[in-house]
Amino acid sequence: MILEMAVLQVKPGQEAAYEAALQEALPIISAAKSFRGMEFQRCIETPGRYLFLVRWETLEDHTQGFRGSAAYQEWRSRLHPFYESALVEHYEQVASVPMG
C-alpha cells in the first residue's frame with residue numbers, strides 16, 4: 001500500500017470555495033482503481049494550508065492509472081486553479097502502531 005501525501009497551499013481568500021469544490025470532487029477520486037481511502041486536513045497554524053493523504057494499492061495506480069485518466073483531468077480542472085503551491089510525495093510504510 002502506498003500513501004500519497006500532498007501539502008497544498010490555497011490562494012488567500014479561496015479557502016471556502018476550495019473546500020466546497022473538493023467536496024464535489026471527492027467522488028471522482030474515490031471511484032479510481034485501487035483507491036483505498038483518504039484524509040483531508042486543514043492546517044491550524046498556517047491559513048490556507050491543507051494536508052491531503054490518499055492511500056493507493058500501488059504507486060503506479062496513482063501516477064499512471066489515476067493521473068493518466070480522464071477522471072484526473074476533471075479532478076485537476078476543479079481543484080488545481082485554487083493552488084498557490086503544492087508538494088506531492090509518495091510513501092511506503094515502515095512501521096505502525098494502531099491508534100486508539
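The values are calculated or read from the model by the stated rules, or taken from the named source; none is laboratory data. In this text, all values refer to a predicted model and were calculated from it rather than measured experimentally. All Cβ positions, even for glycine, are placed from backbone atoms using ideal geometry, and neighbour counts span all protein chains on display.
See the values below:
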read-out: Selected residue [touching a Leu at 6+ places or on another chain (Cβ under 9 Å) and either on the phi < 0 side of the Ramachandran plot or among the aromatic types (Phe, Trp, Tyr) (or both)] from 20, 25, 16, 32; value: 25
read-out: All positions within segment 71-92 that are out of contact with any strand residue (DSSP E or B) (no Cβ under 7 Å at 6 or more places or on another chain) and either surrounded by fewer than 12 Cβ atoms within 10 Å (Cβ to Cβ) or at positive phi (or both); value: 77, 80
read-out: In segment 1-29, the residues that are within 18 Å of residue 88 (Cβ to Cβ) and free of Cβ contacts under 8 Å to residues at least 24 places away in the same chain; value: 26
read-out: Unmet requirement for residue 68, which otherwise passes all of (1) under 22 Å from residue 2 (Cα atoms); (2) loosely packed, with under 14 Cβ neighbours inside 10 Å; (3) touching a residue at least 40 places away in the same chain (Cβ under 8 Å); value: (3)
read-out: Residue count, segment 39-68 (criterion: at pLDDT 95 or above and under 23 Å from residue 84 (Cβ atoms)); value: 16
read-out: Matching residues, segment 50-100, being touching a helix residue (DSSP H, G or I) at 6+ places or on another chain (Cβ under 9 Å), hydroxyl-bearing (Ser, Thr, Tyr) and part of a strand (DSSP E or B); value: 50, 83
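Matching residues to (1) of a type in the set (D, E, K, R); (2) not in a strand (DSSP E or B):
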{"site": "7", "(1), (2)": "no, no"}
{"site": "16", "(1), (2)": "no, yes"}
{"site": "19", "(1), (2)": "yes, yes"}
{"site": "23", "(1), (2)": "no, yes"}
{"site": "28", "(1), (2)": "no, yes"}
{"site": "44", "(1), (2)": "no, yes"}
